[in-house]
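Accompanying notes for the structure given below.
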Amino acid sequence: MRTRVGIIGAGPAGLLLSHLLHRQGIESVVLELRTREYVERRQRAGILEHGTVEVLRASGAGERMDRQGIPHQGVELRFDRRAHRIDLAAGTGGRSVMVYAQTEVVKDLIALREQADGQVLFEAEALSVDGADTASPSVRFRQAGAEQTLDCDVVVACDGFHGIGRRAVPDGVLTVSERTYPFAWLGILADVPPSCDELIYAHHARGFALHSMRSPQVSRLYLQVDPSDTTDNWPDARIWDELDARFETESGWTLGRGPVTEKSITPMRSFVAEPMRHGRLFLAGDAAHIVPPTGAKGLNLAVADVTLLARALSHWHTRQDETLLDAYSETALRRVWRAEHFSYTMTSLLHTDPAATAFDRRLQLSHLRYITSSDAASASLAENYAGLPVV
């Protein structure tokens, strides 16, 4: 097989890149290890930054998002049993975020690639990337028991933290920076209307909690737990009781309860591999960087990466000029490190570290009170939360 751009991974990054390239007249093939059903049902992020929303709209991928997504003009920080609203729009000159699940973004992008007769090969396991440092890289993959080779001008690895893309870079080329956090998130989906109009980030002595949503009928909620914990230790009644305790307010706010349809525990880490390019192999999304989910940056960073890369590939395709490709890694990493810092700050601010001292806990509360009482501090949080311009 032969194509201009070989893309490993049919998550939002790989699919959006393929879609953006198609709009520029650049052929691509997407290889995805999993089935289409699995990819379309995989639960991940649900908060789209202002810039991500604009990219999807401009590319023709935002029609269903605009009908079914839930715009949010603010978020709530809850601590000391009191609620404090951060006005995103006021702090950013009108920018906001959109609640629209990653699963739905993926469905929309697959449908668009299907309409355009794009090649998205499911159950196609990428085995190796060969010749990344030559002008003719290739991806060896297995589908339906048969091995094939996809010859490309460029390979883009959008295959996540555990994919083969980053591992194809020779030893000694990448510099890795990482941090592992001493807590994890227990996340649930519940068939109950959200108990809030905007997301609630709660700091509590017993641990962090987050109230989010996936639709007007489905709530998404999280609890800070120990990384070694298991869902077996968390029957539904215990989860709801603990959420009640961490969200409690002086005003008597009530959390609605409903059937729990999904339950999982996710460890938390920060990770950056740089540079995000080796020869004709480019890394994008989780293949290059991971952020703790507190800042809602993972999906949005992936969108920013491939938007930048699509523009660079188009420039190369139309002008035979590699200037933007050469700048891709450095340009993308400036945004990545800003998002890493914001996500680290939100995580450190809102979670209860088991090793924290009384002094540490008082610093957290002082910082929270400053953010919620200072226009400048709340505007800074709003600017980072709603997201910097994509390019």
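The values are calculated or read from the model by the stated rules, or taken from the named source; none is laboratory data. Note that the coordinates shown come from a computational prediction; the quantities given were computed from them, not determined experimentally. No Cβ is skipped: glycine too gets one built from the backbone with ideal geometry, and neighbour counts run over all protein chains shown.
Overview of results
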| quantity | calculated |
| --- | --- |
| Cross-chain or 6+ apart pairs with Cβ under 7 Å, the stretch 214-234 first and on the phi < 0 side of the Ramachandran plot, then of a type in the set (S, T, N, Q) and part of a loop (DSSP other than H, G, I, E, B) | Gln224/Thr352 |
| Those residues of the stretch 60-89 which are surrounded by 15 or more Cβ atoms within 10 Å (Cβ to Cβ) and small (Gly, Ala, Ser), in sequence order | Ala61, Gly62, Gly69, Gly74, Ala83, Ala89 |
| Candidate set from the stretch 235-249 (those that are in contact (Cβ under 8 Å) with a residue 24 or more places away in the chain and of a type in the set (Asp, Glu)); member that is nearest to Arg81 (Cα to Cα) | Glu248 |
| Selection status of Glu262, loosely packed, with under 15 Cβ neighbours inside 10 Å, more than 29 Å from Asp80 (Cα to Cα) and touching a residue at least 24 places away in the same chain (Cβ under 8 Å) | yes |
| Criterion (of a type in the set (Lys, Arg) and assigned to a strand (DSSP E or B)) met by exactly one of Arg214, Arg206 | Arg214 |
| Helices (runs of 4 or more DSSP H) lying entirely in the stretch 287-391 (those with 2 or more residues that are closer than 30 Å to Ala168 by Cβ and at pLDDT 95 or above) | 298-319, 323-350 |
| Criterion: closer than 19 Å to His84 by Cα and out of contact with any His (no Cβ under 6 Å at 6 or more places or on another chain) - qualifying residue of Thr357, Thr347 | Thr347 |
| Those residues of the stretch 291-345 which are within 30 Å of Gly207 (Cα to Cα) and among the hydrophobic types (A, V, I, L, M, F, W, C), in sequence order | Val291, Ala296, Leu299, Leu301, Ala302, Val336, Trp337, Ala339, Phe342 |
| Tally, over the stretch 17-28, of residues that are under 19 Å from Gly163 (Cβ atoms) and in contact with a Leu (Cβ under 6 Å, 6 or more places away or on another chain) | 1 |
| Complete set of residues in the stretch 357-368 that are under 28 Å from the mean Cα position of the chain (by Cα) and either loosely packed, with under 10 Cβ neighbours inside 10 Å or without any contact (Cβ under 8 Å) to a residue 40 or more places away in the chain (or both) | His367 |
| Of the criteria (1) of a type outside the set (Lys, Arg); (2) out of contact with any His (no Cβ under 8 Å at 6 or more places or on another chain); (3) touching a residue at least 60 places away in the same chain (Cβ under 8 Å); (4) not assigned by TED's automatic domain parsing to the domain that holds Asp130, which one Leu255 fails | (2) |
| Residue tally, condition among the charged types (D, E, K, R) and surrounded by 19 or more Cβ atoms within 10 Å (Cβ to Cβ), over the stretch 115-174 | 2 |
| Any hit, the stretch 53-69, residues being among the β-branched types (Val, Ile, Thr), in the same structural domain as Ala287 (by TED's automatic domain parsing), assigned to a helix (DSSP H, G or I) and over 30 Å from Asp244 (Cα atoms) | yes |
| Enumeration of residues in the stretch 213-223 that are among the small types (Gly, Ala, Ser) and surrounded by 21 or more Cβ atoms within 10 Å (Cβ to Cβ) | Ser219 |
| Residue in the stretch 224-256 that is surrounded by the most Cβ atoms within 10 Å (Cβ to Cβ), counting only those that are aliphatic (A, V, I, L, M) and out of contact with any helix residue (DSSP H, G or I) (no Cβ under 6 Å at 6 or more places or on another chain) | Leu243 |
| Matching residues in the stretch 186-197 - criterion: being buried (at least 22 other Cβ atoms within 10 Å of the Cβ) and over 24 Å from Ser228 (Cβ atoms) | Ala190, Pro194 |
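Matching residues to (1) over 28 Å from Leu15 (Cβ atoms); (2) among the aromatic types (Phe, Trp, Tyr):
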{"residue": "Ser314", "(1), (2)": "no, no"}
{"residue": "Leu324", "(1), (2)": "no, no"}
{"residue": "Glu330", "(1), (2)": "no, no"}
{"residue": "Ser343", "(1), (2)": "no, no"}
{"residue": "Leu349", "(1), (2)": "yes, no"}
{"residue": "Leu368", "(1), (2)": "yes, no"}
{"residue": "Ala377", "(1), (2)": "yes, no"}
{"residue": "Tyr385", "(1), (2)": "no, yes"}
{"residue": "Leu388", "(1), (2)": "no, no"}
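To keep it simple, each residue is scored yes or no on (1) free of Cβ contacts under 8 Å to residues at least 40 places away in the same chain; (2) more than 20 Å from the chain's Cα centre (by Cα).
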site	(1), (2)
Val303	no, no
Ala312	yes, yes
Leu324	yes, yes
Leu333	no, no
Tyr344	no, no
Thr347	no, no
Ile371	no, yes
Val390	no, no
